[in-house]
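Structure, as structure tokens:
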Amino acid sequence: MDAPVIAKKASYTASLLLMTAVVLGGCANPDDIVIKKCPAAATLPEAQTLTRFKDGTGRDLIDVNFNGKIIGITGSCSIDVDEDTGEGTIEMKVRPRFEFTRGPANHDSQLTFEYFVVLTDAASNPISEQRLPFKSEFWTNRTVMTDKDKPIELTIPVTDWQGGDDFRVFVGFQLSREELDYNRSR
């Protein structure tokens with residue numbers, strides 16, 4: 001491209017941006033715009049995996065009932081905020097996805113555990129916590145499977161100075177002290 005064509009395109013782009021700014025600037029005062037985002041959802045690294053051993057003292061590979069891992073969190077979010085006050089709620093649905101490996105000690109194809117969903121403020125202070133039971137079954141002779149739970153609903157009240165960045169959602173396996181120590185040792 002030669003220089004006059006580039007200059008003409010740049011001038012056109014600048015004019016278009018200026019017109020857009022003028023039109024949008026007439027729509028609302030920036031102080032009146034209420035922008036609320038959805039909170040971030042993540043797993044806690046130490047509670048992202050679970051190794052469940054059979055009952056008893058054995059802790060070798062042959063004693064493993066199942067291994068579990070949280071491999072993702074899906075969800076949705078809707079924001080309902082009063083334009084005048086900036087107050088309202090964030091309705092959030094969180095749905096963890098798990099991957100399981102059947103261990104040699106798992107003879108009935110069943111797995112049962114609890115996991116948690118914790119809502120915190122930006123400083124990681126807990127606001128609410130849910131402990132949820134989960135039960136599943138390995139199909140036929142499969143040793144690896146994925147599964148997910150139903151969506152967990154959270155209602156988060158927000159004020160005019162709060163948004164999704166002021167909250168966090170953490171998901172993890174509910175671990176015993178022994179299971180937590182096992183995760184930390186790996």
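Once phi is turned into ³J(HN,Hα) by the Karplus curve 6.51 cos²θ - 1.76 cosθ + 1.60 with θ = phi - 60°, what whole-Hz value does each residue of region 105-121 show in order, with x for glycine and proline?
Per-residue couplings from phi come out as 8, 8, 9, 10, 6, 9, 9, 9, 6, 10, 9, 10, 10, 10, 9, 10, 7 Hz.
Provide the gained length on full extension for the span ILE127 to THR57, in nm with one decimal, where the gain is 0.36 nm per separating residue minus the Cα-Cα distance.
Taking 0.36 nm per residue and subtracting the Cα distance, the gain is 21.5 nm.
Residue-wise, which Karplus ³J(HN,Hα) couplings in Hz belong to region 164-180, taking 6.51 cos²θ - 1.76 cosθ + 1.60, θ = phi - 60°, and x for glycine or proline?
Ordered by residue, 3J(HN,Hα) equals x, 5, 8, 9, 9, 10, 10, 10, x, 6, 7, 9, 6, 4, 5, 5, 5 Hz.
Tell me, what HN-Hα J-couplings in whole Hz come from the Karplus equation 6.51 cos²θ - 1.76 cosθ + 1.60 at θ = phi - 60° for each residue of region 126-142, using x for Gly and Pro?
With coefficients 6.51, -1.76 and 1.60, one gets x, 9, 8, 9, 10, 9, 10, x, 9, 9, 8, 8, 6, 7, 6, 9, 5 Hz.
Tell me, ARG184, ARG142 in order of fewest to most beta-carbon neighbours within 10 Å?
Working: ARG184 8, ARG142 12.
Fewest-to-most Cβ neighbours within 10 Å comes out as ARG184, ARG142.
How do 116-126, 90-100, 55-65 rank on mean C-beta neighbours within 10 Å, highest first?
Ranked by mean Cβ neighbours within 10 Å, highest first: 90-100, 116-126, 55-65.
Do you know the relative contact order of region 34-185, to the nearest whole percent, from alpha carbon pairs under 8 angstrom that are 6+ apart?
34 percent
Taken together, the values in this text are just the output of simple stated rules run on the coordinates, not laboratory data. What you see is a predicted model, and the numbers here were worked out from it, not measured in a lab. Every residue, glycine as well, gets a Cβ built from its backbone with ideal geometry; the counts of neighbours run over all protein chains shown.
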